[in-house]
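What follows is calculated from the coordinates using simple rules that are stated; it is not laboratory data. None of these values were measured; they are calculated from a predicted model. Quick reminder, even Gly has a Cβ in these numbers, built from the backbone with ideal geometry, and neighbours come from all protein chains shown.
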Amino acid sequence: MRVKIAPQGFEREVVYSEDRWRLLKSFRDKAFKIMSEIDLLGVKSFVIGSIARGDVHEDSDIDIVVLDEISINTLFTRIERLGGCSHIDIVMATPSHTPKIYFYLDPSEKIVVSTSLARLNRVETEFYMFGGMIDREGILRGERVSGVDKRLMLITPTQRGHIESSILGREAEVAKILGISIETVMDRVKTLVKRDLHGRSGVFLKQSFPCDVSLEYVIKDLCRRNKIFRRQMARDNICI
């Protein structure tokens, strides 16, 4: 189902039921278990989106990202300790985006751990802050963070639930609230408004493969077959 952009000026308070608070706790407990295993590698993982903000629903994804530099094989080994994965995707959203790798822990793609295959630029890093992100310690403290959902609604946590308000016309204000650049906010607004008007467009590159296939083989094969992928990876002396 296509998500519709909220109209400019829209604002309302949402009060959570006891069932919704329990649902949030259930999602966070699952995320915390995965993050605890990953953080043993000496990196910091984050859960992003509605689980960080608190505005979860039954179909919310558990989306965990590692922003620190990490060996892909080491991360994969840790995921195997959690029960393994269903499949893996390597994705480049556009020719200018850094390639990312996604480990799906279930066939329905509701639980995913991702990281980048090369260094992210500032806008790519702030993309996660735009949607809201929280680390394991934040979950332990029961914190919820502000972030923007796919309707371009700023979700501001409250004791009773949250306030949601359209960010259209408030882009500079929202950038300050989230501690990110106006460039990142405008980039996300442009992307999501375009998606609202025309539907989701395809990605530049997506390679899906089973978890028992060698990661090195897939990456080297992509480097050989796709010069733009090879160029992006060469920035970090990969594929050279």
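The table for this structure:
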read-out: Stretchable slack from His57 to Asp39, in nm (0.36 nm times residue separation minus alpha-carbon distance); value: 3.8 nm
read-out: Ser208, Ser45 arranged by Cβ crowding within 10 Å, fewest neighbours leading; value: Ser208, Ser45
read-out: MRE, 222 nm, helices only [DSSP H, n ≥ 4, -39500 (n - 2.57), over the chain, to nearest 500]; value: -12000 deg cm²/dmol
read-out: Likely footprinting exposure, Arg170, Arg141, fewest C-beta neighbours within 10 Å first; value: Arg141, Arg170
read-out: Inter-site label distance for Glu216 and Glu183 at 7 Å from Cα along Cβ, in nm; value: 3.6
read-out: Residue-wise HN-Hα coupling along segment 21-29, computed from phi with Karplus coefficients 6.51, -1.76, 1.60 (Hz; x: Gly, Pro); value: 5, 5, 5, 4, 4, 4, 4, 5, 4
read-out: Alpha-carbon centroids, segment 197-230 and segment 2-52: separation in whole Å; value: 28
read-out: Gained length - Glu18 relative to Thr77, 0.36 nm times residue gap less alpha-carbon distance; value: 17.5 nm
read-out: Rounded to whole Hz, the Karplus (6.51, -1.76, 1.60) HN-Hα couplings of segment 113-121, x for glycine and proline; value: 10, 9, 7, 8, 8, 8, 5, 7, 7
read-out: For the chain: relative contact order, % (alpha-carbon pairs under 8 angstrom, 6 or more apart); value: 25
read-out: Note, ³J(HN,Hα) from phi for segment 199-212, Karplus 6.51, -1.76, 1.60, rounded to Hz, x at Gly and Pro; value: x, 5, 8, x, 8, 5, 9, 8, 10, 9, 7, x, 6, 8
read-out: Proximal lysines relative to Lys30, as straight alpha-carbon distance under 17 Å, when same-chain residues fewer than 8 apart are discounted; value: Lys44, Lys110
read-out: Highest-first arrangement of 145-151, 56-62, 211-217, 88-94, where packing means the average Cβ count within 10 Å; value: 145-151, 88-94, 56-62, 211-217
